[in-house]
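Everything on this sheet refers to the single structure shown next.
The values are calculated or read from the model by the stated rules, or taken from the named source; none is laboratory data. Since we're looking at a predicted model, the values are computed, not measured. Please note: Cβ atoms are built from the backbone with ideal geometry, for glycine as well, and neighbour counts cover all protein chains shown. Quick note on the areas: whole protein, heavy atoms, side chains included, nothing else; ligands and nucleic acids left out. Shrake-Rupley method; radii C 1.70, N 1.55, O 1.52, S 1.80 Å.
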Amino acid sequence: MIIFGGVGDLSARKLLPALYMAHLHGNLPPHTRIIAIGRRDWTRDEYLAFMQKQSRPFVDSKAMDVQAWESFLAAFDYVNLDVSKAEDYVRLASSTRPGVQRVFYLATAPNLFASICDSLSAAGLVDQQSRVVLEKPLGHDLASAQAINTAVSQHFAENQIYRIDHYLGKETVQNLMVLRFGNAIFGPLWQAPYIKSVQITVAESVGVGSRAGFYDDTGAMRDMVQNHLLQLLCIVAMEPPVSLDPDAVRDEKLKVLRSLRPMTLTDIGRDTVRGQYKAGAIDGETVKGYLDETNVPQDSGTETFVALRAQINNWRWANVPFFLRTGKRLQKRQSEIVIEFSDLPFSIIPSGPRTGANRLIIKLQPEESIQLQMMAKEPGSGMHMQPVTLNLDLQQAFTARRAEAYERLLIDVIRGRLMHFMRRDELEAAWTWVEPILNGWKELGDTPRNYPAGTWGPAAASALVAREGMSWVEET
Ligand code: BG6
């Protein structure tokens, strides 16, 4: 495995700890070698010292086995390489053995993907068994995504390309498919008019941290909605695939993306809300506003929050609103999908003040659980109903270790399993829907609304759902 961006933040915090976990559990093939690539003129020992200092703290201390960590380090090499210099790739080629299977992990800025693939190929490093992993964000808009895809496809066939979206590696996200397609009870109900609305929230309490250089140019729409939230929407909304064949699954997700109703300028003005956090408090601690974060321009109009109402134009979902919401510096880290079923056509039972529709709540983070809100009789002499929750505690039901998303996806790459990676047409369909919204904001001169850190975002986001007599599910 050859990791471009081997000295980067993603490698240190996510990839290397995930590879260590795979190694610890015997999921790396024997004789695996990992070559980290970086621009720093380091020796191998200096790289190992970097891993020790920057990566090891991200390994769960309960999983730290000194012997396993040492044998993991033994698999590493470091190659100092300037991605723009052909001769450096020749040097890289000389440090890999011929005939072995190579996985190239491109954890660099996406504008380098094309030239890295060209140079790897020119140095004779790419063959039919090679695989390439492309980190997000894949492009800045549709044209740049297409350009990258075309360039990479000159050297790798589509089934050698793994476009990673780590949300697809999360256990609960994968479980959503089993929930939908492994339980007969949901089948008939999983559509309009039995489902009234779908909410997808990915709320983070962290701010932009040290990533402003990247983030200010990106914003929440490109960073989160274009990929993670739309992928979640696809899994909720797709038709049953004919099998678990990767293309069968991805065909169905593609159909959902293509069915998303394109937004006109009027829709954008009415159905989207952008926000930017101001100073505030989270868990009792004062935190800065976005404009005061290091490296953020004083006049930045980048959104750190997006809420929108999407519509899927097909028979299954006609008139069912999909409310999507994501933001940084929100009240707490909470990611969940809420399927709200329709109201009773008519009720003979008197309701209590909290009575509501049935809801299926799939919590992804911080804890994973699946809850079904049902109505039950309130104890007492009368016939009153109140909501109660059927709670599927997955941690309790399955005691087996749950791998972290990156670990699971890296193992998939090694084993050649493409199901949880985005295909080119899917990625481009997602950009096709998102890009007009980004352009529309510009055209409308839209500026993000302020929200204090530690809240649930701008009030307009509540108004977006309130308009249809609903509210965001926040405390469940
Ligand atoms: C990344 C985004 O893709 O996902 C980050 O670039 C974000 O901005 C992160 O913080 C969230 O991932 P998770 O797994 O912590 O929800």
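Of the residues 399, 430, 383, the one whose Cα sits farthest towards the positive end of the charge dipole of region 382-431 is 399 (charges of +1 on Lys and Arg Cβ, -1 on Asp and Glu Cβ, taken about the Cα centre).
Solvent-accessible area assigned to carbon and sulfur over region 217-355 amounts to 51 percent, based on a 1.4 Å probe. The shape of region 278-335 comes out oblate: with a ≥ b ≥ c from the C-alpha gyration tensor, a/c is at least 1.5 while a/b does not beat b/c.
With n ≥ 4 as the cut-off for DSSP H runs, can you work out [θ] at 222 nm for the chain, using -39500 (n - 2.57) per run divided by the number of residues, rounded to the nearest 500? Roughly -8500 deg cm²/dmol at 222 nm, from the helical runs in the chain. With the Kirkwood sum run over all distinct C-alpha pairs, region 73-167 has a hydrodynamic radius of 14.0 Å.
What is the angle, in °, between the Cα long axis of helix 246-259 and the longest principal axis of the Cα atoms in the chain? Nearest 10 is fine, range 0 to 90. Roughly 50 degrees, rounded to the nearest 10. Packing here is the average count of other Cβ atoms within 10 Å per residue, and on that basis the peptides 358-367, 302-311, highest first, run 302-311, 358-367. Residues 56, 258, 180, sorted by accessible area with the largest first, give 258, 56, 180 [1.4 Å probe; ligands and nucleic acids excluded].
When Rg and the Kirkwood radius Rh are both evaluated on Cα atoms of region 140-215, their ratio Rg/Rh stands at 1.10. Angle of helix 171-181 to the longest C-alpha principal axis of the chain, folded into 0 to 90 degrees and rounded to 10: 50°.
Each 10 Å bin from 0 upward holds the following percent of the Cα-Cα pairs of region 1-154: 10, 40, 35, 13, 1. Working ranking of peptides 432-438, 241-247 by packing, defined as the average number of other Cβ atoms within 10 Å per residue, highest first, is 432-438, 241-247. Per-residue packing, averaged as other Cβ atoms within 10 Å, sorts the ranges 148-160, 225-237 into the order 225-237, 148-160, beginning with the highest. For region 1-113, the relative contact order is 43 percent, taking Cα pairs closer than 8 Å that sit 6 or more residues apart in sequence and dividing their mean separation by the residue count. Express the relative contact order of region 332-476 as a whole percentage, based on alpha carbon pairs under 8 Å and six or more residues apart in sequence. This gives 14 percent for region 332-476. Let me know the shape class of region 313-383, please: from the alpha-carbon gyration tensor, a ≥ b ≥ c as square roots of the eigenvalues, rounded when a/c is under 1.5, otherwise prolate if a/b is greater than b/c, or oblate. Because a/c hits 1.5 or more and a/b fails to exceed b/c, region 313-383 counts as oblate.
Averaging 1/r over every pair of different alpha carbons in the chain and inverting the result gives a Kirkwood radius of 24.0 Å.
Across the cross-link table entries 136/170; 170/278; 170/363; 253/363; 14/278; 253/328, which are compared at the Cα atoms, the separations over 19 Å belong to 170/278; 253/363; 14/278; 253/328.
Rounded, prolate or oblate for region 200-267? Axes are the square roots of the Cα gyration tensor eigenvalues, ordered a ≥ b ≥ c, and the cut-off for rounded is a/c under 1.5. In terms of gyration-tensor shape, prolate. Across the chain, the relative contact order, built from alpha-carbon pairs under 8 Å that are at least six residues apart, equals 18 percent. By a 1.4 Å probe calculation restricted to protein chains, residue 166 has an accessible surface near 40 Å², given to the nearest 10. Centre-to-centre, using Cα atoms only, region 195-236 and region 82-100 are separated by 36 Å. Phi angles of region 56-73 translate, via the Karplus equation with coefficients 6.51, -1.76, 1.60 and θ = phi - 60°, into HN-Hα couplings of 3, x, 8, 8, 3, 4, 5, 9, 7, 10, 4, 5, 5, 5, 5, 6, 5, 4 Hz per residue; Gly and Pro are given as x. The mean accessible area for residues of the chain, using a 1.4 Å probe and ignoring ligands and nucleic acids, is 44 Å² per residue.
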